[in-house]
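Enquirer: First the structure, then my questions, so here it is.
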Amino acid sequence: MVILAGDIGGTKCNLALYREKSGQLEPFLERRFESKQYAGFHVIVTEFLQLAASQCSPDRIAVAGFGVAGPVVENRVKVTNLPWVLDGEALAEKTGLRRVVLLNDFAATANSLDHLSAEDFCVLNKGEVAPGGAMALIGAGTGLGQVNLFWDGAKYRVAGAEAGHADFSPHDEEQLDLLRFILKKGLPPSAETILSGHGILLVHEFLDPAAHHPIFDVPGADPAPEISRCGLDGSCPVCVETLDFWTKIYGSETGNLALRGLATGGVYVAGGIAPKILPKMADGRFLRAFRDKSKMEDLLGRVPLSIVLNEKAPLIGAGYQALDESRSLARAG
């Protein structure tokens, strides 16, 4: 059986073809596409299928599963940070695929957790896993994703969410000043406004508007990697302060998520940023902010907390969702 999987975000689209062997998916073709260079996702899929034509024709693909940055309702989604609207049925018609399943990109990442190896995680807090306890997943990248997972007696099921767009909750006076700074700029006072790649630049500007790097003047460039690099190597004091401040807010929001879903089964941090600033994420600041919840500090101290290091997690999870769909179709037919 052949499965097509995709991870669709505001920055990039990763596609892969998998073969199913004994219940496991093995990739045999993968490609990355720059999202904003294409008028629509169907163009990317068509180009990928043309590249794959010598190895696999579209009629051999049982099901395609795509994790998408945005809320999926009735197999349809408006992609966050892109002018694309994806409809599973219409996409199948345009590309010649039999069946297309759309799911939120963080639901896809959550689906991957059981299929990753121990090397794919960095454990920040071993904690104590509560059997059958709820789990939670959060991840900052182009945006901020959050989902919860609940045990149904047989397996974990993902409850989709768009909690990254919920309001930012300041934890102290300096964070309250940051909120005022955001409001004066006319930006949404959401957690995602701060906990995203753009948010790193925003925090840098808040801490010292006069501090400047040449990349800030490059049209279309993303300054976050440069700020992160200078923050990690200590070459820029403002960048060091930016990473410290930003990481503390990230830890606090992750603790909020753990409490809202009572995630005693574990909390996972995914997304593109955490693995790139791993020394900062693992220096204790994130964990302290995660636990700093007054009467709930002891409870959160027992919650397992890990960073997902495998950047292909959404792709893997989308693939297994498609595999489940193909099995369901086989049973029904």
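Enquirer: Condition (residue is over 17 Å from residue 313 (Cα atoms) and of a type in the set (D, E, K, R)) applied to region 22-33: is it met by at least one residue?
Expert: Among the residues of region 22-33, not one is over 17 Å from residue 313 (Cα atoms) and of a type in the set (D, E, K, R), which makes the answer no.
Here's the yes/no breakdown for (1) touching a residue at least 40 places away in the same chain (Cβ under 8 Å); (2) in contact with a helix residue (DSSP H, G or I) (Cβ under 6 Å, 6 or more places away or on another chain); (3) assigned to a helix (DSSP H, G or I); (4) not assigned by TED's automatic domain parsing to the domain that holds residue 285:
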residue	(1), (2), (3), (4)
216	no, no, yes, no
228	yes, yes, yes, no
245	yes, yes, yes, no
256	yes, no, yes, no
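Enquirer: If you don't mind, another one. Take residue 111 and decide whether it is more than 17 Å from residue 40 (Cα to Cα), among the polar types (S, T, N, Q) and assigned by TED's automatic domain parsing to the domain that holds residue 165.
Expert: no
Enquirer: A further question follows. Which ranges mark the helices (runs of 4 or more DSSP H) fully within region 111-212 that have 1 or more residues being closer than 28 Å to residue 5 by Cβ?
Expert: 191-194, 197-207
Enquirer: If we scan region 270-288, do we find a residue that is among the acidic types (Asp, Glu), out of contact with any strand residue (DSSP E or B) (no Cβ under 6 Å at 6 or more places or on another chain) and crowded, with 24+ Cβ neighbours inside 10 Å?
Expert: No: zero hits.
Enquirer: From 323, 300, which residue is under 18 Å from residue 129 (Cβ atoms) and over 17 Å from the mean Cα position of the chain (by Cα)?
Expert: After ruling out the rest, the residue left standing is 300.
Enquirer: Hey, another quick one. Looking only at residues in region 73-101 that are in a loop (DSSP other than H, G, I, E, B) and among the hydrophobic types (A, V, I, L, M, F, W, C), which one is surrounded by the most Cβ atoms within 10 Å (Cβ to Cβ)?
Expert: Among those that are in a loop (DSSP other than H, G, I, E, B) and among the hydrophobic types (A, V, I, L, M, F, W, C), it is 82.
Enquirer: Being polar (S, T, N, Q) and closer than 17 Å to residue 66 by Cα is the filter; apply it to region 98-154 and report the residue that is nearest to the chain's Cα centre (by Cα).
Expert: My answer is 109.
Enquirer: Please verify whether region 21-28 includes one or more residues that are under 27 Å from residue 164 (Cβ atoms) and either surrounded by 16 or more Cβ atoms within 10 Å (Cβ to Cβ) or within 21 Å of the chain's Cα centre (by Cα) (or both).
Expert: The answer is no; no qualifying residue exists.
Enquirer: Out of (1) in contact with a helix residue (DSSP H, G or I) (Cβ under 8 Å, 6 or more places away or on another chain); (2) at pLDDT below 95, the odd one out for residue 93 is which?
Expert: Answer for residue 93: the failing condition is (1).
Residue-by-condition table, conditions (1) out of contact with any Lys or Arg (no Cβ under 8 Å at 6 or more places or on another chain); (2) basic (Lys, Arg):
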{"site": "274", "(1), (2)": "yes, no"}
{"site": "277", "(1), (2)": "yes, no"}
{"site": "285", "(1), (2)": "no, yes"}
{"site": "289", "(1), (2)": "no, no"}
{"site": "295", "(1), (2)": "yes, yes"}
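Conditions (1) surrounded by 17 or more Cβ atoms within 10 Å (Cβ to Cβ); (2) outside the structural domain of residue 161 (by TED's automatic domain parsing); (3) in a loop (DSSP other than H, G, I, E, B), marked per residue:
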residue: 13; (1), (2), (3): yes, yes, no
residue: 17; (1), (2), (3): yes, yes, no
residue: 32; (1), (2), (3): no, yes, no
residue: 36; (1), (2), (3): no, yes, no
residue: 43; (1), (2), (3): no, yes, no
residue: 46; (1), (2), (3): no, yes, no
residue: 59; (1), (2), (3): no, yes, no
residue: 67; (1), (2), (3): yes, yes, no
residue: 71; (1), (2), (3): no, yes, yes
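Enquirer: Let me ask another. Quick check on my filter: what residues within region 289-333 are touching a strand residue (DSSP E or B) at 6+ places or on another chain (Cβ under 9 Å), among the hydroxyl-bearing types (Ser, Thr, Tyr) and over 17 Å from residue 139 (Cβ atoms)?
Expert: The answer is 320, 326.
Enquirer: Of everything in region 192-230, what is hydrophobic (A, V, I, L, M, F, W, C) and buried (at least 16 other Cβ atoms within 10 Å of the Cβ)? Give them in sequence order.
Expert: Selection gives 194, 195, 200, 201, 202, 203, 206, 207, 211, 224, 227, 230.
The values are calculated or read from the model by the stated rules, or taken from the named source; none is laboratory data. A quick note: this is a predicted structure, and the numbers were derived from the prediction, not measured. Please note: Cβ atoms are built from the backbone with ideal geometry, for glycine as well, and neighbour counts cover all protein chains shown.
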